[in-house]
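One structure is given below, encoded as structure tokens.
Here, each number is a calculation from the coordinates, and none is a lab measurement. Predicted, not measured: the structure shown is a model, and the values here were computed from it. Here Cβ is always computed from backbone atoms with ideal geometry, including for glycine, and neighbour counts include all displayed protein chains.
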Amino acid sequence: MKRNLGCFVSCAGGLYRSIENGEAIGVNTIMIHPSPPQRWNSQPFKDSDIEKYNELKKINQLSDRKIDKVYFHGIYLVNLANPDKQKFHLSKLSLVNHLELCNRIKADGVIFHTGSFKDYADGDEKGYERVIYGINWIFENIEINSRKLYLECAAGAGGKVIGDNFEELAKIYEGIKEENKAKIGFCLDTQHMFASGYDLVNNLDNVVNSADKILGLDLVPVIHFNDSKTELGSNKDRHEDLGEGLIGKEAMSAFLNHPKLKDKDYILETPGLKDIESSKVEIAKLTQWAS
């Protein structure tokens, strides 16, 4: 069985650099920030950047280092529960622009953190309504015909972060208009799950079966694969290199090779991805663990 294994790569200097960097590391799956993640990206991407990317991707598809899967990560400012009208609109617009680029370069989807309920003192229901409205608005303003927008599970840092359990993600999905549900899915993150209290070390089968029952693993094509600097249930988003954290090599390997998860796209976001050579070290571990 062919495995889709890869990591975050930089596209500094131009979108096409992501293809060059993926080839240099030797992965078939990449994730990029197509715009600076700490800044709002309210402007569409330049035609010249897209043309150069598509030219290089076409050449890549004929090489022995073919990149099969390309994901984007949404900017960190996105919060679809934000009651501030301007920031709420900028959040929606940012995801629309990412999806528009996704269409133009035939990428596989946009992964993003849904946001936080921290500004809702009287309960979270209004926050859920705002998130659901925002996602439906996005699909009214960008034409996509397949699953391309992925809500990422959270570590729970801050107490009111959205999606630190499967039930919260499922509640959002259930509120989406029926005609839009085929366009949305989920991204799991091993470190976030562990930090949220999902025991990947001692109860892996239970966690996997719970994700399947509540979310549906057919709605989870992609997984962020990270070890954890912090303990089970810490609610802290602190990634560690593979096998160096509190989840550990044995549990991480068992997750990677779980029968229900082997067909997923795996993407590293570990601290060791500092440059091409250090990324090769992390990818070597990933490929060695994959059976």
One computes Rg over Rh for region 23-171 from alpha-carbon atoms, with the Kirkwood Rh, and obtains 1.01
Quick one: pull the percentage of alpha-carbon pairs in region 45-106 with a separation above 20 Å.
-> 42 percent
GluC sites (Glu not before Pro) within region 42-110, DSSP loop, no more than 15 other Cβ atoms inside 10 Å = none
Helix-only [θ] at 222 nm, the chain, -39500 (n - 2.57) per DSSP H run of 4+, per residue, nearest 500, equals -12000 deg cm²/dmol
Loop only per DSSP, at most 11 neighbouring Cβ atoms within 10 Å: give me the trypsin sites (Lys or Arg not before Pro) in region 243-291, ordered by residue number.
-> Lys274
Residue-by-residue Karplus 3J(HN,Hα) for region 131-143, coefficients 6.51, -1.76, 1.60, Hz, glycine and proline x = 4, 5, 4, x, 5, 4, 4, 4, 6, 7, 10, 8, 8
Please report, in Å, the Rg and the Dmax of the chain, where both are computed over Cα atoms only.
-> 18.1, 56
